[in-house]
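Everything below concerns the one structure shown next.
The values are calculated or read from the model by the stated rules, or taken from the named source; none is laboratory data. Quick caveat, the model's predicted, so the values are computed rather than measured. Quick reminder, even Gly has a Cβ in these numbers, built from the backbone with ideal geometry, and neighbours come from all protein chains shown.
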Amino acid sequence: MNRLFRDFQGGPTCPQGSVACIGAFDGLHLGHQALLRHAAARARALGVPMTALSFEPLPREFFARPVPPRLLLPRARVLGLWELGADVVGLLRFNARMAATSAESFVHDLLVERLRVREVWVGPGFRFGRQRGGDLVTLQRQGRQHGFEAGEIEPVLLDGERVSSTRIRAALRDGDFATATRLLGRPYAIGGHVVRGAQLGRSLGFPTANLRFGGKVPALSGVFATRVHGVGPEPWPSVSSFGTRPTVQGSNEPLLEAHLFDFEGDLYGRRIEVEFVARLRDELKFDDLPALVAQMHLDARQARDILRNDTATRTRAYA
């Protein structure tokens, strides 16, 4: 049974021992997948649970200003970690107290006392603890003292460069979804429960399924050709806008609005995923609503053409 815990300190979560891996895991890309697969294999070999440790907010979000973009929301990250082999996920609250925790205390209080680790695995260049004072050497030194082993997996390379969340954010920013897909091992998508909006799109002839981004900064914005998963047996073709709606509201909170072509039904409360296929344009502020509606019709036609051609290409590739 999958388990989740949030607190740094507490009673033993894995009294029989565990294998742990640690990382930001933003995106769950090919490099993260390699780390998780390795830790899961080691846990199976030892007959103990595999624990994936991450942080919320991410440390770079806690320290950096402006706040850097996020690829995955917390719920999607936890679900993805479970799907990739974690029995236990520690989504640790990163706050001032944790930022001030020494590397040695992190090891003793969490890895030793709470998780009873037998092995700890990290990715290349891993740092942890106060002022990023701990690294793989620290883990190995502490392991000799407390009776566990620590190791680092080899970097995963694509086109001669290390797979990283930074590369994925750059690809999404540039609308290069092909590269993002290769780095992630799957198309980039954002999931969530459909929320009620102002229903302006419905009055304009473009009803939308709306997803909020949880107060995080998204890695992309604009208008896109998309597919929506979770509505029917096949992904539903759509056109989506992701941004702050400058023409109608000018809110600072990003909203993902997906218009599903030829769809009739109520999606409120349903969990869906919006897969990004191609970038159409930047988000723009129009002089009035008629100008906005005219552009929406153009976006819809372009998105239909792109998705039709993309589907045909995929069909030929797998025929």
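Restricting the search to segment 2-39, which residues are assigned to a loop (DSSP other than H, G, I, E, B) and among the β-branched types (V, I, T)? Outline the logic, then answer.
Taking segment 2-39 first, the residues assigned to a loop (DSSP other than H, G, I, E, B) are 2, 6-17, 23-29.
Answer for segment 2-39, where residues must be assigned to a loop (DSSP other than H, G, I, E, B) and among the β-branched types (V, I, T): just T13.
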Filtering helices (runs of 4 or more DSSP H) wholly in segment 57-158 for at least 1 residues that are touching a residue at least 40 places away in the same chain (Cβ under 8 Å) and closer than 17 Å to F5 by Cβ gives 74-83, 96-99
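For segment 159-186, which positions are among the hydroxyl-bearing types (S, T, Y) and without any contact (Cβ under 8 Å) to a residue 40 or more places away in the chain? Spell out the reasoning first.
So in segment 159-186, the residues among the hydroxyl-bearing types (S, T, Y) come out as 164-166, 179, 181.
Those that are among the hydroxyl-bearing types (S, T, Y) and without any contact (Cβ under 8 Å) to a residue 40 or more places away in the chain: T166, T179, T181.
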Those residues of segment 41-56 which are part of a loop (DSSP other than H, G, I, E, B) and touching a residue at least 60 places away in the same chain (Cβ under 8 Å) amount to V48
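Is it fair to say L280 is in contact with a strand residue (DSSP E or B) (Cβ under 8 Å, 6 or more places away or on another chain), at pLDDT 95 or above and assigned to a loop (DSSP other than H, G, I, E, B)?
Details: in contact with a strand residue (DSSP E or B) (Cβ under 8 Å, 6 or more places away or on another chain): yes; at pLDDT 95 or above: yes; assigned to a loop (DSSP other than H, G, I, E, B): no.
No, not satisfied.
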Considering residues that are over 22 Å from T101 (Cβ atoms) and at pLDDT 95 or above, the number found within segment 31-67 is 20
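Can you go through R127, R70 and tell me which one is in contact with a Phe, Trp or Tyr (Cβ under 9 Å, 6 or more places away or on another chain), of a type in the set (K, R) and at pLDDT 95 or above?
On the way: R127 fails: in contact with a Phe, Trp or Tyr (Cβ under 9 Å, 6 or more places away or on another chain).
Just a single option satisfies the conditions, and that option is R70.
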Conditions (1) modelled with pLDDT of 95 or more; (2) surrounded by 15 or more Cβ atoms within 10 Å (Cβ to Cβ); (3) out of contact with any Pro (no Cβ under 8 Å at 6 or more places or on another chain); (4) not β-branched (V, I, T) -> G147 fails only (2)
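Out of the residues in segment 226-254 meeting the condition of being hydrophobic (A, V, I, L, M, F, W, C) and over 24 Å from D287 (Cα atoms), tell me which one is nearest to the chain's Cα centre (by Cα). Spell out the reasoning first.
Just the residues of segment 226-254 that are hydrophobic (A, V, I, L, M, F, W, C), to begin with: 228, 231, 236, 239, 242, 248.
Filter once more, keeping what is over 24 Å from D287 (Cα atoms): 228, 231, 236.
Details: V228: 17, V231: 21, W236: 21 Å.
Here the answer is V228.
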Within segment 255-298, residues more than 23 Å from the chain's Cα centre (by Cα) and among the aromatic types (F, W, Y) come out as F261, F263, F286
Residue under question is L81, and the condition is that it be buried (at least 19 other Cβ atoms within 10 Å of the Cβ), at pLDDT 95 or above and not assigned by TED's automatic domain parsing to the domain that holds L256; does it hold? yes
For V67, the lone unmet condition from (1) surrounded by fewer than 17 Cβ atoms within 10 Å (Cβ to Cβ); (2) farther than 16 Å from S165 by Cβ; (3) of a type in the set (V, I, T) is (2)
request  = State yes or no: is G17 crowded, with 18+ Cβ neighbours inside 10 Å, of a type outside the set (A, V, I, L, M), assigned by TED's automatic domain parsing to the domain that holds L72 and touching a strand residue (DSSP E or B) at 6+ places or on another chain (Cβ under 8 Å)?
outcome  = no
